[in-house]
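What follows is a short report on a single structure.
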Amino acid sequence: DLMTESFETDGNGSRYIASTPFNDGSSDHWNRTDGSDISNISGPYSGYQGSYFWGAEDVDDNGGNGANPQTILFAGIDINAYNNLAFSGLFGAGNGPGAEDYDAADYVKVQYRIDGTGNDPYIDGVCFAYQDNGDDFNEPFGLDADCDGTADDPMVEMIPAMASFGFNIPETGYTLDLLISVSVNSGDEE
């Protein structure tokens, strides 16, 4: 592995850069957590490694920086002399299965860029989004492998049991930046 992040210790500012972490109550948070200080409608999260993971719910709450989306950046990963790169991460949603609380504006995106600087664009890797059932609100949340803004059909629904998702990175170069963006702007969008 070129890089592994378990969130077992707080690496903000050293291993990664997260937009302002906060916990303004169990339903308003963007932070590293062991799950004890956040709510989860469908029961506790499982399937993660170790004791900690990164959690998000109502990320534009005024207890934080009020921004939506929130981000985690893993910058400058040395990939010199490597090829056949791949990303893999554990992802889950606290409101599922059969949950109906996610909206068109809700998503999780994992993007990458090779040898990027400044405003160089990121390339979509894997995404998660609401299921479009004919309206734009109160729908399940699932895998959006083509990153088009709606969950795939048939849907792979996100549930509290975290599962591995990833993508191949066909390019190579000197440095890799990974950007995770999360947009969930209401309670119950966990």
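Evaluation of residue 90 against the conditions (1) of a type outside the set (S, T, N, Q); (2) within 12 Å of the chain's Cα centre (by Cα); (3) closer than 22 Å to residue 38 by Cα; (4) open to solvent by less than 30 Å² (accessible area, probe 1.4 Å) shows that the sole unmet condition is (4).
Residue by residue, here is whether (1) open to solvent by less than 30 Å² (accessible area, probe 1.4 Å); (2) touching a His at 6+ places or on another chain (Cβ under 7 Å); (3) modelled with pLDDT of 95 or more holds:
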{"position": "122", "(1), (2), (3)": "no, no, yes"}
{"position": "125", "(1), (2), (3)": "yes, no, yes"}
{"position": "128", "(1), (2), (3)": "yes, no, yes"}
{"position": "132", "(1), (2), (3)": "no, no, no"}
{"position": "149", "(1), (2), (3)": "no, no, yes"}
{"position": "152", "(1), (2), (3)": "no, no, yes"}
{"position": "158", "(1), (2), (3)": "yes, no, no"}
{"position": "164", "(1), (2), (3)": "no, no, yes"}
{"position": "176", "(1), (2), (3)": "yes, no, yes"}
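Of all the numbered requirements in (1) in contact (Cβ under 8 Å) with a residue 60 or more places away in the chain; (2) under 22 Å from residue 157 (Cα atoms), residue 35 misses one, and that requirement is (1). Might you let me know whether the stretch 8-23 holds any residue that is out of contact with any Cys (no Cβ under 8 Å at 6 or more places or on another chain), closer than 15 Å to residue 90 by Cβ and modelled with pLDDT of 95 or more? The answer is yes; a qualifying residue exists.
Tell me which residues, restricted to the stretch 164-184, are farther than 23 Å from residue 84 by Cβ and either of a type outside the set (Val, Ile, Thr) or part of a loop (DSSP other than H, G, I, E, B) (or both). If the condition is that a residue be farther than 23 Å from residue 84 by Cβ and either of a type outside the set (Val, Ile, Thr) or part of a loop (DSSP other than H, G, I, E, B) (or both), then 181, 183, 184 are the ones that fit. When 80, 68, 62 are checked against the criterion of being of a type in the set (S, T, N, Q) and either without any contact (Cβ under 8 Å) to a residue 40 or more places away in the chain or closer than 20 Å to residue 162 by Cβ (or both), 62 stands alone in meeting it. Assessment of the stretch 51-59 against the conditions (surrounded by fewer than 18 Cβ atoms within 10 Å (Cβ to Cβ), at pLDDT 95 or above and not β-branched (Val, Ile, Thr)) yields at least one matching residue.
Suppose the filter is open to solvent by 30 Å² or more (accessible area, probe 1.4 Å) and either among the aliphatic types (A, V, I, L, M) or at pLDDT below 95 (or both); does residue 190 pass it? Here the answer is no, as residue 190 does not meet what is asked.
Residue selection: residue 106 satisfies the criterion of being open to solvent by less than 30 Å² (accessible area, probe 1.4 Å) and closer than 18 Å to residue 159 by Cα. When the test is whether a residue is open to solvent by less than 60 Å² (accessible area, probe 1.4 Å) and of a type outside the set (Gly, Ala, Ser), residue 137 does not pass it. Per the listing 119, 62, 80, 84, the residue uniquely out of contact with any strand residue (DSSP E or B) (no Cβ under 9 Å at 6 or more places or on another chain) and closer than 21 Å to residue 171 by Cβ is 119.
The values are calculated or read from the model by the stated rules, or taken from the named source; none is laboratory data. Here the structure is a predicted model, which is why all the values come from computation and not from measurement. Reconstructed Cβ throughout: ideal geometry from the backbone, glycine too, with neighbour counts over all protein chains shown. Surface areas here come from the heavy atoms of the whole protein model, side chains and all, with no ligands, DNA or RNA. Shrake-Rupley method; radii C 1.70, N 1.55, O 1.52, S 1.80 Å.
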